[in-house]
Amino acid sequence: MDKKTIKDIDLKGKKVLVRCDFNVPMDENQNITDNNRIVAALPTIKYLLEQDCKIILVSHLGRPKGEFKKEFSLEPVAKELSKLLNMEIIMAKDVIGEDATEKAKNLKPGEILLLENVRFHREETDNDPEFSKKLASMAEIFVNDAFGTAHRAHSSTTGVAEFLPAVSGFLIEKELKFLGNAINNPERPLIAILGGAKVSDKIAVIDNLIEKVDTLIIGGGMAYTFLKAQGYEIGNSICEIDKLDLAKQLMEKANQKNVKLLLPVDTKVGKEFKSDTESKTVKSTEIPSDWQGLDIGEKTIELYSEEIKKAKTVIWNGPLGVFEFDQFSVGTIAIAKILAQIDATTIIGGGDSAAAVKKAGLEDKITHVSTGGGASLEFLEGKKLPGIAALMDK
Ligand code: AMP
């Protein structure tokens, strides 16, 4: 990585502002249902503790839209962090208010202060310079370790870097290493598996990946726009009519670049978009008029699996069917199982595919599951992530 990390500067005893991604899912009683993102922040925090730093953690949680809302408080995160680190976490009542600034001022080496949800201030998402300056004034060094928000130019991700020496933490370093190597220096064959609901969300990724991959496997709702573009009947399957030409162009581009592009050969269709709907498997080129494609079929699973087994590097983003409905999660789970078995570098781009791998209990068998759905997608699109661009060069 060409950006400085916490290993590249002297942090001994310094007061450090660390942007983490503690945007964890919670149930209605504010119990954390998945602590992955908190666990992913631990290596950086532990390193800073070893360096006797005075640590100020800042994060967002959900979308409180610029005002204090109890249900978006980071207090449950403080408790979880305290449990994981087996030490007290000092919780601030606000972000840049009297309580936070006072607690930050009195912080001793080896202590951790967690600020309240930074999105309780609208200035955060506005990337307001005054707000950034105030936040930065609490510390001497800025560490960004929030990969999940690295694609956002907000006060706590880029703004503070204008006022403090800024370096990355270990999580961002790790994410960039895996995603970057997969895209720029992969062991080949390199296969990308793209699913999810819409082509429109993934156009830029498909377009960029066609330049890089040996094989592109398409599944999920967006496959039907491609099938329709080839002139086939797709019944009531999800389709973006205004993207048919684009789908044709992408297929043409894949052809020109000698990229093998695979589409489903059979499809599990349902009568309605609901979990217990009547279902059957049909050829993808013959979807009956009042049925809709909701998962890839067995033959497609076999075809895709055989191809994936040849890969040395696999990048996967987006489920191959409506995996929230058990009977249409078969394709997504089967592909997750293949990824878990093969001798290759396997990378999951966060979001729904990460949830699917977790649901199948296969997380440990994947080389890297990204903590940032949106950020990893923008990285795969070839975009510069502002939260990383703002860090000091090596
Ligand atoms: P994305 O956020 O674009 O990765 O899309 C994920 C969503 O795509 C999930 O909620 C899936 O249920 C949905 N999805 C996958 N396959 C289909 C399909 N065949 N029809 C409708 N939605 C789908």
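The values are calculated or read from the model by the stated rules, or taken from the named source; none is laboratory data. Since the structure is predicted, the reported quantities are computational estimates derived from the model, not experimental observations. Neighbour counts are summed over all protein chains in view; Cβ atoms, including those assigned to glycine, are modelled from backbone coordinates with ideal geometry.
Quickly run through the stretch 5-23 and pick out the residues that are assigned to a loop (DSSP other than H, G, I, E, B), of a type in the set (D, E) and in contact (Cβ under 8 Å) with a residue 60 or more places away in the chain.
Hit for the stretch 5-23 is D21, nothing else.
Given the conditions (1) within 13 Å of the ligand (Cβ to nearest atom); (2) under 26 Å from E381 (Cα atoms), report the number of the one that G235 does not fulfil.
Every listed condition holds for G235 apart from (2).
Within the stretch 179-205, which residues are away from the ligand (no atom under 12 Å from the Cβ) and over 17 Å from the mean Cα position of the chain (by Cα)?
Going residue by residue through the stretch 179-205, those that are away from the ligand (no atom under 12 Å from the Cβ) are 179-192, 204.
Those that are away from the ligand (no atom under 12 Å from the Cβ) and over 17 Å from the mean Cα position of the chain (by Cα): N184, N185, P186, E187, R188, P189, L190, I191.
For the stretch 326-360, which positions are more than 14 Å from the chain's Cα centre (by Cα), closer than 21 Å to V199 by Cα and either in a loop (DSSP other than H, G, I, E, B) or more than 13 Å from the ligand (Cβ to nearest atom) (or both)?
Answer for the stretch 326-360, where residues must be more than 14 Å from the chain's Cα centre (by Cα), closer than 21 Å to V199 by Cα and either in a loop (DSSP other than H, G, I, E, B) or more than 13 Å from the ligand (Cβ to nearest atom) (or both): just S329.
Might you let me know whether the stretch 32-53 holds any residue that is in contact with a Cys (Cβ under 6 Å, 6 or more places away or on another chain) and not in a loop (DSSP other than H, G, I, E, B)?
Yes, the stretch 32-53 contains a residue that is in contact with a Cys (Cβ under 6 Å, 6 or more places away or on another chain) and not in a loop (DSSP other than H, G, I, E, B).
Within the stretch 5-25, which residues are surrounded by fewer than 17 Cβ atoms within 10 Å (Cβ to Cβ) and either touching a Cys at 6+ places or on another chain (Cβ under 9 Å) or at pLDDT 95 or above (or both)?
K7, D8, I9, D10, K12, G13
Considering the stretch 279-296 alone, what residues qualify as being outside any strand (DSSP E or B) and surrounded by 16 or more Cβ atoms within 10 Å (Cβ to Cβ)? Steps first, answer last, please.
Within the stretch 279-296, the first condition is being outside any strand (DSSP E or B), and the residues that meet it are 284-285, 287-291.
Listed by number, the residues that qualify are S284, T285, I287, W291.
Given the options I172, I210, I203, name the one that is modelled with pLDDT under 95 and touching a Lys or Arg at 6+ places or on another chain (Cβ under 9 Å).
I203
Could you give every pair whose Cβ atoms fall below 8 Å, whose first residue belongs to the stretch 278-293 and is among the aromatic types (F, W, Y), and whose second residue is away from the ligand (no atom under 12 Å from the Cβ) and modelled with pLDDT of 95 or more, counting only separations of at least 6 or pairs across chains?
W291/K271; W291/K280; W291/V282
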